[in-house]
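Following: one structure in structure tokens, then a few remarks.
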Amino acid sequence: MKPFLFFLITFSYLCQTQLPLVSSVTTTLPFQLITLLSIKSSIIDPLNHLNDWKINPSNSSPTFSNSNNHQDPIWCSWRGITCHPKTTQITSLNLSNLNLSGTISPQIRYLTTLTHLNISGNDFNGTSQTGIFQLIGLRTLDISHNSFSSTFPPGIAKLRFLRIFDAYNNNFTGPLPEELIKLPFLEQLNLGGSYFSGRIPQSYGTFKRLKFLKLSGNALEGSLPPQLGLLSELQHLEIGYNTFSGTIPIELTLLSNLTYLDISAANISGQVIPELGNLTMLETLLLFENSLSGKIPSTIGKLKFLKAIDLSENQLTGSIPPEITMLKELEDLRLMYNKLTGEIPQGIGELPKLNIFQVFNNSLSGTLPPKLGSNGLLQRLDVSTNSLQGPIPVNICKGNNLVKFNLFNNKFTNNLPLSLTNCTSLARVRIQNNNLNGSIPQTLTMLPNLTYLDLSNNNFNGEIPQEFGNLQYLNISGNSFESELPNSIWNSSNLQIFSASFSKITGQIPDFIGCKTIYKIELQGNFINGNIPWNIRDCEKLILLNLSRNNLTGIIPWEIAILPSITDVDLSQNSLTGIIPSSFNNCSTLTNFNVSFNSLTGPIPSSGVFESLHPSSYSGNENLCGQLLAKPCAAATGENELEARRQQPKKTAGAIVWIIAAAFGIGLFVLVAGTRCFHANYNRRFNGNETNCEIGPWKLTAFQRLNFTADDVLECVSKSDKILGMGSTGTVYKAEMPGGEIIAVKKLWCKQKEKYAYTLQVDEKSDIYSYGVVLMEILSGKRSVDQEFGDGNSIVDWVRSKIKTKDGIEGILDKNAAAGCSTVREEMIQILRIALLCTSRNPADRPSMRDVVLMLQEAKPKRKLFDSVVLGRCANDNVDVGGDGGDIPLAQKPIINES
């Protein structure tokens, strides 16, 4: 009566939902079909995996039984359903891994012919549906990897023929269900990965046919029941990752058929009992992460079939028993994180199937077995943090299977063996903190799969490899290379971290060409000299830069401050000069900045991280000033006076325009006159026969030292009709001073004047921008606006775009000004950097004129004059020039004591 009532209710529901089930009102729906559609209605199927669980309305005669032309019923072809080949009854329902959720309809109990039910790998929740427990014909039931919760429901004892029950990885709570022992045919029981608590019931030792028992990953406690030793058929016992107490019951060694024993991370203590040697069928023994103590028993050598043993993370003492070398099937040996002493048995190197050997963090001594790796199967070797010594075995990577190789924190010596440096399978090598020596082979850094290489704190010497292949991490710190960094070091497309501190590296830092992926550079404690390359801005992902304790000179590149992710900069203990670029005020990512013990001058940035830095970050720089050092800058008075002048009433816009033009002209005439001298000197030196020139190309003279005044300049310009040339920004006049001096003065066009006329404001940053434009004109030999630059583009746009091209700087500098000479080119590059800074798009990033003068002073050439200049080309930089020579002088602006 109940089935009939269910049929009427379900049929009524299906009709109300207008499901196209029948082609005739007289058709009777089979009971299995109704049940399946009911099951589908309670399931949430977001990916529509059960789309075929329906009757196609286009089919006027759907097959509901096997009486019609001997065809199987329609549901036998639905996804996950298997029917009996003769009776067409549903025998198996497999809905695993379909991303289903919801609940299992209790109507499932009407699939009475089911023998296999698998709903694993979904997200069914709530309590496990007891309707399943009425499928008394089930042989296998898999509800693993779902979200069933609460205590385990009663009723499973009804499944008397059940052989396999898998409930792994759910959210069950409460005690382990003892009702399971009433299943006389049960062979596999998996209740791991939930939240079962309490003790393992002693009754679990009464299963007659149980071969597989997994209770790991719960919250079980108490001592291990000795009754588990009565499971005479048991082959697999996995009860780790719980919080037991006590020791390993000796009764477990009665499990003569056991092949897999895992009691890892289970809080057990005591010793590794010698009786474990009685488990002669054992293939896997996992007892790691416990509190086991004492020695490893020699009886372990009796486990002839043992393939894997892991006793790591315990408190084991003594030596590795030599009997372990008798385990000819052993593939995986892990004894790390113990207190083992003595030497590694040499026979371990002769184990024919060993592929993993890990004994790190012990107190082992002696040498590695010389035949280790000779079997050609070794994949992972980690003996780090011991007291091992001697050479690395020569065949360590025979067979090219070695992936991870860790020997760090030992006392290994000698060179790297060829089998290692040619090991194409290597992905990770950590051999730091040893006494290894010799050079680093290029073949090692070019291994195709190697991404992590740490060779730090050894005795490696010689040349640093030129290429780094696919390396992402490279640490060669603490060695004795006594060589320069390779020019192509930053070209590695994958390199992210490069550390070469305290490695006796000499020479200069190569240009940061191709520096796109690196985010950490550590070069502190070397003998590196020269400037910090300005194109460090190409290191777009740089986070940390440490160049401290070197012999670096020159100025701090402002490009560091515009790196989008920079957080840590240490340039301390060098010989850097100039100012701290004001652009660091806008560096919001910076958290640490150290420039102590240099020769820096000028004000300290006052915003961002600079407000909280300790004064020690600047110590050893006598000429630094600012509020952070409680040492006011001498320029503060002058700035205040300028501000006061700016607040005075303006009489007329025209007067202000002429004042600005005069001020700019006074500052500019020195540059223009110097430019003409620069071209004249260089044309004579590099295009003529002059060989004993004593005056360099750059000569700045303070205006106060000249024999004429600003009024003289204005008067001469106003009367002069001698135009030397015209550019996009103004006209250049020839003017003769009262003392007979001939100068050239550039007078700006009205574009600048109009700005001041309308705003009545003096903008120092506009003057600096114009100054930068003039510098670019001098260095490139081009006008500020030219058809070559394209429509709407100025020389500033052209220079910035040109730098990014293949030709780069080489296409900018005027070769008629001796840009082909490497030493002169370096000076011109420094001036170009100043010009770029003056023409920054953001006026706040442009320096003051005081800063510009300081930077120009820092551009003083350090090169020497050669006697041989042929056809306008520089003498060979490698020529050994005798005599003292002489630095090309760059006149210094007089230091005025404003205090």
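Below, the figures for the structure above:
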item	result
Within region 761-803, considering residues that are outside any helix (DSSP H, G or I) and open to solvent by 70 Å² or more (accessible area, probe 1.4 Å), the one modelled with the highest pLDDT	783
Residue 437 being free of Cβ contacts under 8 Å to residues at least 40 places away in the same chain and either among the basic types (Lys, Arg) or open to solvent by 50 Å² or more (accessible area, probe 1.4 Å) (or both)	yes
Cβ pairs under 6 Å, 6+ apart, first in region 198-213 and surrounded by fewer than 21 Cβ atoms within 10 Å (Cβ to Cβ), second part of a helix (DSSP H, G or I)	201/178; 202/227; 203/178; 203/181; 205/227; 205/228; 205/230; 206/181
Residue match in region 514-537 (condition: of a type in the set (Phe, Trp, Tyr), open to solvent by less than 10 Å² (accessible area, probe 1.4 Å) and closer than 30 Å to residue 848 by Cβ)	no
Selection count, region 163-192, where residues are open to solvent by less than 20 Å² (accessible area, probe 1.4 Å) and within 22 Å of residue 118 (Cβ to Cβ)	12
All strands (runs of 3 or more DSSP E) inside region 343-410 with 2 or more residues being more than 28 Å from the chain's Cα centre (by Cα) and in contact (Cβ under 8 Å) with a residue 12 or more places away in the chain	363-367, 387-390
Any hit, region 188-198, residues being within 42 Å of the chain's Cα centre (by Cα) and within 21 Å of residue 135 (Cβ to Cβ)	yes
Segments classed as strands (runs of 3 or more DSSP E), wholly inside region 70-162, with at least 3 members that are open to solvent by less than 30 Å² (accessible area, probe 1.4 Å)	90-94
Positions within region 327-358 being touching a Lys or Arg at 6+ places or on another chain (Cβ under 8 Å) and either of a type in the set (A, V, I, L, M) or modelled with pLDDT under 95 (or both), in sequence order	327, 330, 351, 356
Any hit, region 234-243, residues being of a type in the set (A, V, I, L, M), modelled with pLDDT of 95 or more and part of a strand (DSSP E or B)	yes
The lone exception for residue 220 - which of (1) more than 23 Å from residue 131 (Cβ to Cβ); (2) aliphatic (A, V, I, L, M); (3) in a loop (DSSP other than H, G, I, E, B) it fails	(3)
Filtered residues of region 556-576 (kept if within 15 Å of residue 529 (Cβ to Cβ) and either of a type in the set (Phe, Trp, Tyr) or buried (at least 23 other Cβ atoms within 10 Å of the Cβ) (or both))	571, 574, 576
Residue 449 being of a type outside the set (A, V, I, L, M, F, W, C), assigned to a loop (DSSP other than H, G, I, E, B) and buried (at least 16 other Cβ atoms within 10 Å of the Cβ)	no
Residue within region 342-350 that is touching a strand residue (DSSP E or B) at 6+ places or on another chain (Cβ under 6 Å) and open to solvent by 20 Å² or more (accessible area, probe 1.4 Å) present	yes
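The values are calculated or read from the model by the stated rules, or taken from the named source; none is laboratory data. Computed from a prediction, not measured in an experiment: that's the story for all the values here. Every residue, glycine as well, gets a Cβ built from its backbone with ideal geometry; the counts of neighbours run over all protein chains shown. Ligands, DNA and RNA are stripped out before the accessible areas are found, and what is left, the full protein with its side chains, is counted by its heavy atoms. Shrake-Rupley method; radii C 1.70, N 1.55, O 1.52, S 1.80 Å.
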